[in-house]
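What follows draws every value from the coordinates through simple rules; no lab data is involved. Computed from a prediction, not measured in an experiment: that's the story for all the values here. Reconstructed Cβ throughout: ideal geometry from the backbone, glycine too, with neighbour counts over all protein chains shown.
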Amino acid sequence: MLHSLIKNIDKMLNFKTAQAHCDIPCKIYDPSTAQLAALSCVRLMDLIKEVEDKGTLNVADYAQVARLVNEKESASTEVKEAVRIIWGDYFKAPQFEQLPNAHQLTHSIMLQASKCKQSIDREEGEKLVSLVNEFAAAFWLTKGVATYSAACPYPPMLETVYPDLKG
């Protein structure tokens with residue numbers, strides 16, 4: 001009941017909604033969120049393809065595809081949000097000096113994530129993973145942390161950039 005009352009007051013007064021990472025320079029940033037979301041996007045494309053390959057589909061299959069597409073689009077949005085936060089909150093003049101192509105790379109990720117929202121083509125998802133890996137390597141470079149690449153240990157088992165924390 002209290003929730004309904006507050007909701008109605010909000011409608012009448014039209015409060016603005018605020019959203020942020022935290023906007024406090026916490027220095028806790030990590031591209032792994034974007035990487036996992038990009039990998040999830042490819043995995044969801046694979047699962048959609050598995051349903052398609054069944055041939056004759058029933059209502060449950062269509063419902064499954066609807067859920068998979070919704071999650072794929074959410075994962076694509078998550079990539080954009082994670083990269084945008086690092087680019088907008090963490091990257092400053094020293095990072096941009098180290099990475100003169102940071103703006104172009106970030107923009108390319110935004111465009112590719114949009115393509116993944118519009119498509120179920122695995123190649124588009126793989127391109128997104130590749131761009132996000134490039135972004136991750138660049139991020140770790142600005143931190144002075146070496147990286148290495150290895151296949152992720154879960155489907156879709158694509159090459160992924162990891163920080164070498166032992167070095």
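Miscellaneous remarks
- Straight-distance candidates among the aspartates and glutamates for linking to K72, with alpha-carbon spacing under 15 Å and chain neighbours fewer than 8 residues away dropped: D46, E50, E81, D121, E123, E124, E126.
- Averaging the Cα positions of each part gives two centres, and for the range 36-53 and the range 90-109 these lie 29 Å apart.
- In terms of distances greater than 26 angstrom between alpha carbons, the cross-link table entries K49/K117; K49/K115; K117/K143 yield K117/K143.
- Local net charge near Q64, Cβ-Cβ under 12 Å (Lys/Arg +1, Asp/Glu -1): -2
- Computed from the Cβ-Cβ distance with R0 of 35 Å, the FRET efficiency linking R84 to T56 stands at 0.25.
- Stokes-Einstein diffusion coefficient of the range 65-116, Kirkwood radius over Cα pairs, 20 °C, 1.002 mPa s, in µm²/s: 179
- Within-12-Å neighbourhood charge of Q98 [Cβ basis; K, R +1; D, E -1]: +1
- Neighbourhood net charge (13 Å Cβ-Cβ; Lys/Arg +1, Asp/Glu -1) for E78: +1
- In sequence order, calculated HN-Hα J values of the range 35-40 (Karplus, 6.51, -1.76, 1.60; Hz; x Gly/Pro): 5, 4, 5, 5, 5, 4
- Sorted peptide list for 100-110, 68-78, 127-137, 148-158, criterion being average Cβ within 10 angstrom, highest first: 127-137, 68-78, 100-110, 148-158
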